[in-house]
Amino acid sequence: MADRYLRFTGTAPGRFLTRRLGLPQPAALVRWSPERPALDGGLRHLTAGTSALDLAPVLARTGLGPAGAERAAAVVLDATGVRDVEGLAGVHAALHPAVRSVVASGRVVVLGAPLDLADHHQAAAQQALEGFTRSLGKEIGRGRTVNLVRLTDAAAAQSTLRFLLSPKSAYVSGQVIEVGPLGGAPAAPDRNRPLDPDRPLDPDRPVDPDLPVDPDRPLAGRTALVTGGARGIGEAVAATLARDGAHVVVLDVPQAEQDARRVADRIGGTALPLDITAADAGARIAEALPDGLDVLIHNAGITRDRRLVNMPAERWAAVLEVNLASVLRTTDALLKAGTLRRGGSVVATASIAGLAGNAGQTNYGASKAGIVGLVRSLAPRALDEHGVTVNAVAPGFIETKMTAAIPLFIREAGRRMNSLAQGGLPADVAETTAWLAHPASGAVNGQVVRVCGQSLLGA
Ligand code: NAD
């Protein structure tokens, strides 16, 4: 699993040799740890054109102080006011002198406005920001990331900016994230009411959903369920949600019960041995969670690779069943039963293979593209009707047992073919999932966020 090349390029002789040979130069990324909860340095706030956003109070809450002229951990460029090609000159004027000052593993976040389809000059200029962001992401190097956030209300983007301007987003680059207006998921006036009227009120559940959320434990008092939580990415997601305060139910197949219990014990959660493809899986989850559920993470997934000409129907069916059909079925069942509480969230797991396609993975690519369709369709309705957000993460090459089994040369290509020239870690997917699951992220809905270091595959 270890990326020996990354370690080698971190040494002086390794750096010298790989530079001389023109080989990739991956930077050791700075990731979140209790000892290093914030980026190292200050933040510079720039504006192109005139902006109506009230950003200062939001940026003040990122925990980053103002940057000096020479060195910035992060640069935020507000380009929401750019309405035409002339206005784009302001983007160049602002960032051209500032990029050099961004430290290794630093952040550039560009803020854009939604496209105004009634004004093709505005739409052209705002769409231009996507090409700009993705191009800068590919050239900036040294572990630095560049992302675009489209927003109308700075306060609604608070949790998104906190995430992007922190070490938690180390492997998220080249992304366009749309943040809706404030209000997002409506608060639940009866959040403390048990679903079963015969059960007494649980004194440990939070009483007032409008109480300010503790940014260090935003999921305190909430219950989360992670499918496929016994190992790999699911295990990291379970641990991260528990760190953020949630009681986590670790669901995995009965054969993995021992591992699920080990994970659950470590994070103070509960194991739920259950095959998610069981026809009554939704009902059994609802039964196991009589007090309801706030966060539903669809992480369980399998691959059964073969080229289409050699793929028997069973391989096709198994992948579609675990990765897509069971996700649709359990989501429907838990929304219908009211198990998923208002103010809650669903985060499903897509893949860059579902966006770009991958040889030998017609079944897997279809299943993961299906997740994207599910998110796009269900997100607005689930929010309207149930007060629940629906988003997806789309991992790229993540260092797990699954990717360690890939033959060496294909594995090396997978690792290096992204702007950060390295694979991501399960923690990178977990942090992105946790941000989408936080109650403060209610204005982020219907998004598919790639955690792929800006992979060259796909958009
Ligand atoms: P993994 O194989 O290590 O773990 C998957 C877990 O899901 C296992 O514990 C497994 O027992 C469980 N699972 C499988 N079928 C199940 C079922 N029917 N019911 C309940 N649990 C079941 O995989 P991973 O690498 O941690 O991947 C997790 C998710 O991320 C998957 O959806 C995968 O498709 C996706 N993904 C992974 C990568 C990567 O590079 N590792 C890239 C893109 C997407």
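Among the residues making up the stretch 281-298, a single one is of a type in the set (D, E, K, R) and within 13 Å of the ligand (Cβ to nearest atom): Arg284. Within the stretch 64-96, the set of residues being closer than 18 Å to Leu161 by Cβ and modelled with pLDDT of 95 or more comprises Ala72, Ala73, Ala74, Val75, Val76, Leu77, Asp78, Ala79, Thr80, Gly81, Ala94, Leu95. Within the stretch 257-273, not a single residue is closer than 22 Å to Asp332 by Cβ and either assigned to a loop (DSSP other than H, G, I, E, B) or near the ligand (Cβ under 9 Å from one of its atoms) (or both). In this entry, Val82 passes the filter for residues that are over 28 Å from Leu29 (Cα atoms) and either assigned to a strand (DSSP E or B) or touching a helix residue (DSSP H, G or I) at 6+ places or on another chain (Cβ under 6 Å) (or both). Quick one: in the stretch 1-25, of everything that is within 14 Å of Leu425 (Cα to Cα) and at pLDDT 75 or above, which residue is surrounded by the fewest Cβ atoms within 10 Å (Cβ to Cβ)? Taking the candidates together, the pick is Asp3.
Only a single item in (1) closer than 28 Å to Thr330 by Cβ; (2) out of contact with any Asp or Glu (no Cβ under 9 Å at 6 or more places or on another chain) is not met by Pro407, and it is number (1). Of all residue pairs spaced 6 or more apart or on separate chains, those with beta-carbon atoms under 8 Å, a first member in the stretch 299-321 that is farther than 30 Å from Ala236 by Cα and assigned by TED's automatic domain parsing to the domain that holds Glu235 and a second member that is of a type in the set (S, T, N, Q) and within 16 Å of the ligand (Cβ to nearest atom) are Arg307/Thr362; Leu308/Thr362; Met311/Thr362; Met311/Asn363.
Answer with yes or no whether Pro66 is surrounded by fewer than 17 Cβ atoms within 10 Å (Cβ to Cβ) and under 20 Å from Asn445 (Cβ atoms). Criteria not met by Pro66.
Residue count for the stretch 283-298 under the criterion of being in contact (Cβ under 8 Å) with a residue 40 or more places away in the chain and surrounded by fewer than 18 Cβ atoms within 10 Å (Cβ to Cβ): the result is 2. Of all the numbered requirements in (1) surrounded by 17 or more Cβ atoms within 10 Å (Cβ to Cβ); (2) touching a residue at least 24 places away in the same chain (Cβ under 8 Å); (3) not β-branched (Val, Ile, Thr), Gly338 misses one, and that requirement is (1). Being of a type in the set (Ser, Thr, Tyr), assigned to a helix (DSSP H, G or I) and not assigned by TED's automatic domain parsing to the domain that holds Ser419: is that true of Thr18 here? Judged against the criteria, Thr18 is a match.
Every residue, every condition in (1) out of contact with any strand residue (DSSP E or B) (no Cβ under 6 Å at 6 or more places or on another chain); (2) among the hydroxyl-bearing types (Ser, Thr, Tyr), yes or no:
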residue	(1), (2)
Gln122	yes, no
Gln127	yes, no
Phe132	yes, no
Glu139	yes, no
Arg144	no, no
Tyr171	no, yes
Gly174	yes, no
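Scan the stretch 163-179 residue by residue and report those that are part of a loop (DSSP other than H, G, I, E, B) and of a type in the set (A, V, I, L, M). Within the stretch 163-179, Leu165, Ala170, Val172, Val179 qualify. Across the stretch 379-401, the qualifying residues are those that are in contact with a Cys (Cβ under 9 Å, 6 or more places away or on another chain) and not in a loop (DSSP other than H, G, I, E, B), and the one among them that is farthest from the ligand (Cβ to nearest atom) is Ala394. The number of residues in the stretch 402-449 that are under 24 Å from Asp216 (Cβ atoms), within 14 Å of the ligand (Cβ to nearest atom) and of a type in the set (A, V, I, L, M) comes to 5. Checking each residue in the stretch 362-408 for being among the polar types (S, T, N, Q) and at pLDDT 95 or above picks out Thr362, Asn363, Ser367, Ser377, Thr389, Asn391.
The values are calculated or read from the model by the stated rules, or taken from the named source; none is laboratory data. Given the structure is predicted, the values throughout are model-derived calculations rather than measurements. Virtual Cβ from ideal backbone geometry, glycine too; neighbours counted across all protein chains shown.
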